[in-house]
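Structure, as structure tokens:
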Amino acid sequence: MSESMTADALPEETTDASASDVVVETRNLSKVYRDFWGRQKVNALKALDLEVKQGEIFGLLGPNGSGKSTTIKLLLGLLFPTSGQALVFNKDASDVSKNERIGYLPEESYLYKFLSATETLDFYGRLFDMPADVRRDRVNELISMVGLDWAKRRQLKEYSKGMTRRIGLAQALINDPELILLDEPTTGLDPIGTREMKDLIITLREQGKTVLMCSHLLADVQDVCDRIAILHQGELKELGRVDSLLKVQDVTQMQAQGLSKEAEEKIRAIVAEDGGELLSLENPTTTLEELFLSIVTDSEARPGRRAQGDN
């Protein structure tokens with residue numbers, strides 16, 4: 001069956017009212033790259049099912065070749081699925097009308113180096129037919145937001161990679177999008193710039209926007225994402241809330257204050273008897289790096305198996 005026939009055979013929109021808060025949805029989404037003769041070359045994505053809800057920061061993780069970039073391109077309508085369906089704002093991803101509500105920061109920003117930051121954002125504002133006064137205010141607002149007021153009249157060829165990354169984010173936000181797709185947003189940033197970028201992403205969520213980000217820097221994802229999906233060799237291996245996935249369920253961690261040395265050797269009842277204060281009693285958490293590596297290792301040992309997590 002051809003890719004176009006497969007897409008036509010599926011409904012363009014879903015009418016389920018319960019899905020009204022779902023911004024991005026994939027249904028059994030698959031993509032096979034073929035060679036010149038039509039033979040299967042790479043099975044890049046295999047039956048991906050996931051949902052990204054309004055107002056959340058969703059992280060898409062995976063090693064190189066895991067299907068992250070393919071998923072983003074399918075959502076943007078730059079590729080057509082071999083089977084299944086990708087929905088954005090309840091519309092098929094091939095519907096270009098959705099794009100005016102999307103902002104996209106690719107891993108490498110392809111910007112005109114001879115333009116200044118102000119000229120760059122003004123150019124992209126014109127592409128969205130923004131009125132001159134609205135465009136001017138929006139450009140100034142975004143340049144201040146990404147901290148480039150001091151360099152807004154310098155040509156981009158004079159920018160460092162980190163500065164270029166910042167103006168790339170501003171370009172992705174010029175149309176005040178509802179959904180922002182970020183591919184490696186902290187690439188090229190120093191620790192301070194990385195922290196500022198993560199703060200900006202959290203600010204976008206506070207403004208009610210939905211963020212879907214890919215990153216290899218697991219600590220960054222752990223800091224900002226509400227939920228994550230981990231892909232390996234085109235398959236979904238884990239999906240759930242970051243705090244739930246990182247919790248070590250079979251270990252209990254206790255913190256207490258004001259105990260004598262003898263009481264430290266005892267358990268909960270002694271804490272109360274000794275007049276100590278129980279500060280916490282909960283499951284400790286692992287790190288996203290440890291979770292990620294364990295899932296990839298398990299996936300290589302047992303292909304086709306998906307770990308079970310909370311959605």
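Residues checked against (1) loosely packed, with under 11 Cβ neighbours inside 10 Å; (2) modelled with pLDDT of 80 or more:
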residue: Gly234; (1), (2): no, yes
residue: Leu239; (1), (2): no, yes
residue: Asp250; (1), (2): yes, no
residue: Ala256; (1), (2): no, no
residue: Ala263; (1), (2): no, no
residue: Asn283; (1), (2): no, no
residue: Glu290; (1), (2): no, yes
residue: Val296; (1), (2): no, yes
residue: Ser299; (1), (2): no, yes
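Would you tally the residues in region 119-142 being over 20 Å from Pro106 (Cβ atoms) and within 27 Å of the chain's Cα centre (by Cα)?
Number of matching residues: 5.
Out of all the residues in region 198-221, which are touching a strand residue (DSSP E or B) at 6+ places or on another chain (Cβ under 9 Å) and either farther than 18 Å from Leu61 by Cβ or in a helix (DSSP H, G or I) (or both)?
Ile201, Ile202, Leu204, Arg205, Lys209, Leu218, Asp220, Val221
Hey, among the residues in region 25-61 that are over 22 Å from Pro303 (Cα atoms) and aliphatic (A, V, I, L, M), which one's farthest from the chain's Cα centre (by Cα)?
Here the answer is Val52.
For region 103-117, which positions are surrounded by 14 or more Cβ atoms within 10 Å (Cβ to Cβ) and either outside any loop (DSSP other than H, G, I, E, B) or hydrophobic (A, V, I, L, M, F, W, C) (or both)?
Gly103, Tyr104, Leu105, Leu111, Leu115, Ser116, Ala117
Does region 118-148 hold any residues that are of a type in the set (A, V, I, L, M) and not in a helix (DSSP H, G or I), and which are they?
Met130, Val146, Leu148
Any residue in region 85-96 that is assigned to a strand (DSSP E or B), small (Gly, Ala, Ser) and in contact with an Asp or Glu (Cβ under 8 Å, 6 or more places away or on another chain)?
Yes: one or more hits.
The values are calculated or read from the model by the stated rules, or taken from the named source; none is laboratory data. These numbers come from a predicted model, not from an experiment. We place every Cβ from the backbone using ideal geometry, glycine too, and count neighbours over all the protein chains shown.
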